[in-house]
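Q: Input: one structure, supplied below.
Bear in mind these aren't lab numbers, they're just calculated from the coordinates by the rules spelled out. Note that the structure is predicted; figures quoted are calculated from it, not measured. FYI the Cβ positions are ideal-geometry reconstructions off the backbone, even for glycines, and counts take in every protein chain you see.
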Amino acid sequence: MNNVQLIGRIVNDLELKTVGQGSTLLNFSVAYNEKWGNKEESYFFDIVSWGKQAETIASYFKKGQRIGLSGKLKQERFQDKEGNNRSKVVVVLRDFTFIESKNTSGMSGPPSSASPKNTNEADFNNFSAQDLDDEVPF
């Protein structure tokens, strides 16, 4: 079983890319804060979304907003520009949920019950880490 569910805040500006033969790609990061006692730790997760789903997220969300995510983990191995072997684990998005209402977040999108699933399964399996930015979003 490979399933991940998160609720976090988007930490970077959302920009769509067109890759391959016209597939729409959105990669972004989500921060999750965990508190215990007087301590708090933040975790950052790289998210990949494709197609209409990516377009919907880019249209209705912005940096700082909360989003609910469901997807799978995928490890990509690749060589960076200097020829070094690298590895990156990302969450490939299957589904998302609006967490904040329009009134609390300034969103102009659908209500919290909306959850588009217009993503092609082939996109999940055929992306390459070379499609992802090497930049750290924070």
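Q: By how many nm would the segment from Glu40 to Arg77 grow when fully extended, if each residue of separation counts as 0.36 nm and the alpha-carbon distance is taken off?
A: So the extension gain works out to 10.2 nm.
Q: Please work out how much length the chain gains when fully extended from Glu55 to Tyr32, using 0.36 nm per residue of separation minus the C-alpha to C-alpha distance, in nm with one decimal.
A: Difference between extended and current length: 6.0 nm.
Q: Right, here's the next one. For every other residue with a beta carbon closer than 10 angstrom to the beta carbon of Ile10, add +1 if it is Lys or Arg and -1 if Asp or Glu, then tell me the sum.
A: Summing Lys and Arg as +1 and Asp and Glu as -1 gives +3.
Q: Based on the mean of other beta carbon atoms within 10 Å per residue, what is the order of 1-14, 78-91, most packed first?
A: Top to bottom by mean Cβ count within 10 Å: 1-14, 78-91.
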